[in-house]
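Presented below is the structure to which this report refers.
Read-outs throughout are calculated quantities, based only on the coordinates presented, and are distinct from any laboratory measurement. From a predicted model like this one, the values you see are computed outputs, not experimental measurements. Cβ: placed from backbone, ideal geometry, glycine included. Neighbour counts: every protein chain shown.
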Amino acid sequence: MSTSTLQFDNRFLHDLPGDPVEGPALREVRGAAWSKVMPTPVAAPRLLAYSPELAERLGMGPDLLDSADFPRVFGGNALYAGMQPWAAAYGGHQFGHWAGQLGDGRAISLGELVTAQGERWELQLKGAGRTPYSRGADGRAVLRSSIREFLCSEAMHHLGVPTTRALSLVGTGDAVVRDMFYDGHPRAEPGAVVCRVAPSFLRFGSFELPASRGDIELLRQLADACIARDFPELDGAGASRYTRWFGLICERTAIMVAHWMRVGFVHGVMNTDNMSVLGLTIDYGPYGWVEDYDPDWTPNTTDAQGRRYRFGTQPQVAYWNLTRLAQALAPLFEDAAPLHEGLAAFQATYARCERADTAAKFGLLACTDDDLVLMADWRQLLQDGQMDMTLAFRALSALDLDMPSVVVLEAAFYSPEHRDAVLPAVQDWLQRYAARARADGQDPTTRRAGMDRANPIYVLRNWLAQEAIERAEQGDLEGVHTLQQVLRDPYTEQPGREHLAARRPDWARDKAGCSMLSCSS
């Protein structure tokens, strides 16, 4: 299929060795970074939603988006000229254990698009059918998980969180059988395909796999190709270049996770194969937003007992994952000192981000050591009082610093009993905070505006996504489109959208899809 508006150069394929065997047959792939495989066509591709901002950035105008070819291409039934589909090989540590070869089991990259502005974007279909890495699965995705990925990718971008993007959501017209909670109750669900977009989808596990096999030549090729394509600012060669590269990976990872903690996002499955070397949030599965504040909360039912990937431990898990990456890259270094420097850079960068975010969320010009204590005390009160994290932080900007009152927090409490139990302590804390904010000396209007830029009012709460999913499964996409529109401007109050900024309703506390999610979610 020809289109003159899109240009592809597919450097990933040209710069790295490929699998000599083509097609989706399951196999162990050695000595190669990718396998050539075509998307499996679907019955009736139909465009359900798309990101207009991303489409414009990619150089996709209305004529392309409105054409009959667009859903065919991004549903897996056709290709534009220049596309060369592939699935990537990688391994990973899953829940702390080495899992061996994993790879793109239901994702197929269509090509690397180069825009008129010189930006490079890899276009990847999730749910496009079997690949050599599908491990016996069907390679498909259901509508509910695809809606969650589509909405969250774009919501995170507009929150200012480093993330992969989502161009389109295409319904397939096919049914896909899934056992959502792996409890022996599978059901047929509508299928869908998301086109996700990033400069690169290379992961920590991309480097772990060849390292685990002693394939140092492929490891070096991957590192060199990654640096040349995705880190062009790094000149030179050899160990010094690798040192700066690993340091940047560590710093970008720290910045990404700090953003997660800032907005209350829980990834849910921080395996090393789900960690981008570009410091982008990748692989939206059983994610969630902290509602009643609990640092031990995870939305992932698979992790319900161990809670390895709970909200409060995400920085520590990211560091552990970087340590696994450092071990994989060690053969490229003469000694371990540069790798230790990179890991130290993660810790230093995260500490800087934590201070900057504390200052921003509290509306302060700078963050002192005492302010970190103030933040720790505040988070403890959020937990003890079962307060909604998003609503409580947002409410602080409305606090009267001369007459601080707990009244501003009323909408954040989930339990009257917990509210009453912490009321004296909260009032005392508000007095401390107000005194600190007054001493900061900022104009009240400036302070509030800054806080509102740091504390979102709209986030993609799981119950909101579930409501939109249930409507979409009945053919009504209005809920998806409404959320997409509101989440484009998450820091600004939008008249008539107050219900989308409300705390979780009681019916959603234990409802599947709202609090309980699996890796198929």
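I need to check one value: relative contact order of the chain, counting alpha carbon pairs closer than 8 Å and at least 6 residues apart, in percent. Could you put the intermediate results ahead of the total?
On the way: 1031 pairs, mean separation 72.8, N = 521.
With pairs under 8 Å counted, the relative contact order is 14 percent.
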Residues 277, 426 arranged by fewest to most Cβ contacts within 10 Å
426, 277
For a distance above 37 Å, tell me the whole-number percent of Cα pairs in the chain that qualify.
30 percent
For the stretch 28-93, evaluate the Debye formula with one uniform point scatterer on each Cα (no solvent term) and list log10 I(q)/I(0) at q = 0.14, 0.19, 0.21, 0.23 Å⁻¹, rounded to two decimals.
-0.58, -0.87, -0.96, -1.03
Only counting other Cβ atoms within 10 Å, I'd like 163, 5 sorted with the fewest neighbours first.
5, 163
Stretched out fully, how many nm does the piece from residue 38 to residue 313 gain, at 0.36 nm a residue minus the Cα gap?
95.1 nm
Stokes-Einstein D for the stretch 11-201 at 10 °C, 1.306 mPa s, Kirkwood Rh over Cα pairs, in µm²/s?
93 µm²/s
Would you please name the GluC sites (Glu not before Pro) within the stretch 315-384 that are DSSP coil residues with at most 15 other C-beta atoms within 10 Å of their C-beta?
334
Modelled label reach - residue 97, point 7 Å along Cα→Cβ, the stretch 278-319 residues with backbone N closer than 19 Å
300-310
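For residue 27 and residue 373, FRET efficiency with R0 = 60 Å and r from the beta-carbon atoms, rounded to 0.05? Please report the intermediate quantities before stating the final value.
Values: r = 56 Å, r/R0 = 0.93.
The value I calculate is 0.60.
If each residue of separation counts as 0.36 nm, what is the full-extension length gain between residue 135 and residue 478 once their alpha-carbon separation is subtracted?
On the way: separation 343, 0.36 × 343 = 123.48 nm, distance 3.59 nm.
Stretched out fully, the residue 135 to residue 478 stretch lengthens by 119.9 nm.
Report D for the stretch 462-508 in µm² per second (integer): Stokes-Einstein, Kirkwood Rh on Cα pairs, 37 °C, 0.692 mPa s. Write out the running numbers ahead of the final one.
Details: Rh = 11.4 Å.
It comes out at roughly 288 µm²/s.
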Total charge dipole magnitude, the chain, about the Cα centre, Cβ charges on Lys, Arg, Asp, Glu only, Debye to nearest 20
660 debye
How much FRET efficiency would the formula 1/(1 + (r/R0)^6) give for residue 506 and residue 335, where r is the Cβ-Cβ distance and R0 is 45 Å, rounded to 0.05?
0.20
Fewest to most neighbouring Cβ within 10 Å: what's the order for 429, 289, 320?
320, 429, 289
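Rounded to the nearest 0.05, what FRET efficiency do residue 427 and residue 9 give with R0 = 51 Å and r taken as the Cβ-Cβ distance? Could you check? Mind showing how you got there, number by number?
Numbers: r = 61 Å, r/R0 = 1.20.
FRET efficiency, residue 427 to residue 9: 0.25.
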Calculate for the chain the 222 nm mean residue ellipticity that helices alone would give, adding -39,500 (n - 2.57) per DSSP H run of length 4 or more and normalising by residue count, nearest 500 deg cm²/dmol.
-13000 deg cm²/dmol
Mind jotting down the distance between the C-alpha centroids of the stretch 421-466 and the stretch 174-223, whole Å?
39 Å
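As an exercise, identify the chymotrypsin sites (Phe, Trp or Tyr not before Pro) in the stretch 432-464 lying in DSSP coil whose Cβ has no more than 13 other Cβ atoms within 10 Å. Don't jump to the answer; show the numbers that get you there.
Values: sites: 433, 458, 463; in loops: 458.
For chymotrypsin sites (Phe, Trp or Tyr not before Pro) across the stretch 432-464 that sit outside H, G, I, E and B with at most 13 neighbouring Cβ atoms in 10 Å, the list is empty.
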